[in-house]
1. With the condition kept exactly as written, say whether any residue in the stretch 258-271 is under 27 Å from ALA110 (Cβ atoms) and out of contact with any helix residue (DSSP H, G or I) (no Cβ under 7 Å at 6 or more places or on another chain).
2. Of the residues that make up the stretch 251-258, is at least one of a type in the set (S, T, N, Q) and loosely packed, with under 15 Cβ neighbours inside 10 Å?
3. Please count how many residues of the stretch 192-244 are out of contact with any Phe, Trp or Tyr (no Cβ under 7 Å at 6 or more places or on another chain) and either open to solvent by 40 Å² or more (accessible area, probe 1.4 Å) or more than 26 Å from THR274 (Cβ to Cβ) (or both).
4. Check the stretch 170-191 and report whether any residue there is in a strand (DSSP E or B), open to solvent by less than 80 Å² (accessible area, probe 1.4 Å), at pLDDT 95 or above and of a type outside the set (Asp, Glu).
5. Give the residue, chosen from GLY152, GLY139, that is closer than 27 Å to LEU285 by Cα, among the small types (Gly, Ala, Ser) and at pLDDT below 90.
6. Kindly provide the set of residues from the stretch 194-244 that are among the hydrophobic types (A, V, I, L, M, F, W, C) and under 21 Å from GLY283 (Cβ atoms), ordered by number.
7. Any residue at all in the stretch 279-296 that's in a loop (DSSP other than H, G, I, E, B), of a type in the set (Phe, Trp, Tyr) and more than 24 Å from CYS113 (Cβ to Cβ)?
Amino acid sequence: MTGNAENSHGNEQGPKHKRDLTRRKVVVAGAGAVAAVGVGGTVAAGAFAGEAKGKGATASASATASEVCYKLTSETTEGPYYIDADKIRQDITEDEEGIPLTLKLKVIDADTCKPVKNAAVDIWHCTALGIYSGYEAMGSGGGGGGGTPPSGSPSDAPSGTPTGEPPSGAPSGGTGGGHSEPTDDERYLRGTWKTDKHGYVTFKTVFPGWYQGRAVHIHTKVHVDGTWTDAGYEGGHTCHTGQFFFDEKSVLASAEVSPYSTNTATRTTLTEDTIYPQNGHEGGLLYLKYDKKNIAKGVHADLTMGVAPDETHDSTDTQPSASASAS
């Protein structure tokens with residue numbers, strides 16, 4: 001599958017995140033509440049991994065089973081670094097250094113709130129120093145690989161907004177031509193696993209780093225209607241393409257820990273990122289748990305993704321509007 005290009009400043013193109021949700025009425029309180037159809041056709045809200053807490057987490061909402069109970073998780077760009085699933089595994093760490101990260105996800109049908117079982121969930125992300133496996137040649141030098149970025153401005157720098165393609169080897173992978181073909185056979189920090197009968201899937205990895213032009217993030221895809229074989233997952237279609245994001249406190253804490261502390265790339269904050277829809281957990285902002293005094297011990301992240309299994313969202317529907325500009 002092919003993805004959308006990152007812009008000429010090394011940013012991925014911004015998503016068309018203002019989707020038409022008029023047919024998907026939310027009937028439970030809180031963006032993170034998971035609902036289940038109860039006796040008598042009512043919808044009862046329940047908590048998933050810290051998304052809703054307290055007495056309100058078990059309160060019933062007056063709604064019929066025919067009403068939609070969950071907001072769709074925002075679609076975002078695939079980016080240039082996607083590689084079709086060829087590593088069926090839950091632990092994607094390999095030998096990469098970093099803060100241990102456990103990522104627990106739940107996939108539900110946004111219309112019915114029923115779990116989407118046997119779906120294939122892909123995740124992929126960069127290292128602590130901003131490198132993507134399969135594309136190490138594109139992450140060499142500059143801030144993306146943790147090296148020292150150049151200072152000052154070239155004397156012959158053109159004025160105005162650049163419109164051409166970035167130089168090959170740009171650390172953030174802005175190729176100007178959509179999906180980039182892999183440059184090597186490495187596949188660390190990539191993997192695919194199957195949701196269980198309750199829609200859950202868990203991955204073991206490391207806390208991602210950053211590279212120029214992007215906030216810290218993890219890419220994901222959800223595939224349905226395919227077949228699991230001894231060789232992996234075949235057929236079906238992609239019903240969700242998105243990204244997960246980390247709040248600023250966690251990122252700043254990680255930056256104090258080696259090897260993140262050696263990453264000298266200019267970091268884009270969450271509010272500056274052109275891909276994050278700025279709409280909280282609906283837009284992929286993860287719920288995080290970690291020792292605030294010692295994040296190096298590890299981080300637990302979780303999120304529920306509301307998807308439309310009968311639809312196809314393979315990144316082609318996330319092109320930015322004509323007025324979108326590079327940041």
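1. Scanning the stretch 258-271 turns up at least one residue that is under 27 Å from ALA110 (Cβ atoms) and out of contact with any helix residue (DSSP H, G or I) (no Cβ under 7 Å at 6 or more places or on another chain).
2. Taking every residue of the stretch 251-258 in turn, at least one turns out to be of a type in the set (S, T, N, Q) and loosely packed, with under 15 Cβ neighbours inside 10 Å.
3. Looking only at that region, the number is 22.
4. So far as the stretch 170-191 goes, yes, one or more of its residues are in a strand (DSSP E or B), open to solvent by less than 80 Å² (accessible area, probe 1.4 Å), at pLDDT 95 or above and of a type outside the set (Asp, Glu).
5. Criteria check complete, one pass: GLY139.
6. Those that are among the hydrophobic types (A, V, I, L, M, F, W, C) and under 21 Å from GLY283 (Cβ atoms): VAL201, PHE203, PHE207, TRP210, ALA215, VAL216, ILE218, VAL222, CYS239, PHE244.
7. Checked the stretch 279-296: no residue is in a loop (DSSP other than H, G, I, E, B), of a type in the set (Phe, Trp, Tyr) and more than 24 Å from CYS113 (Cβ to Cβ).
The values are calculated or read from the model by the stated rules, or taken from the named source; none is laboratory data. Everything quoted here is computed from the prediction, not taken from an experiment. Don't worry about glycine lacking a Cβ; one is built from the backbone with ideal geometry, like all the others, and counts go over all protein chains shown. Protein only, heavy atoms only, side chains kept; ligands, DNA and RNA dropped before computing areas. Shrake-Rupley method; radii C 1.70, N 1.55, O 1.52, S 1.80 Å.
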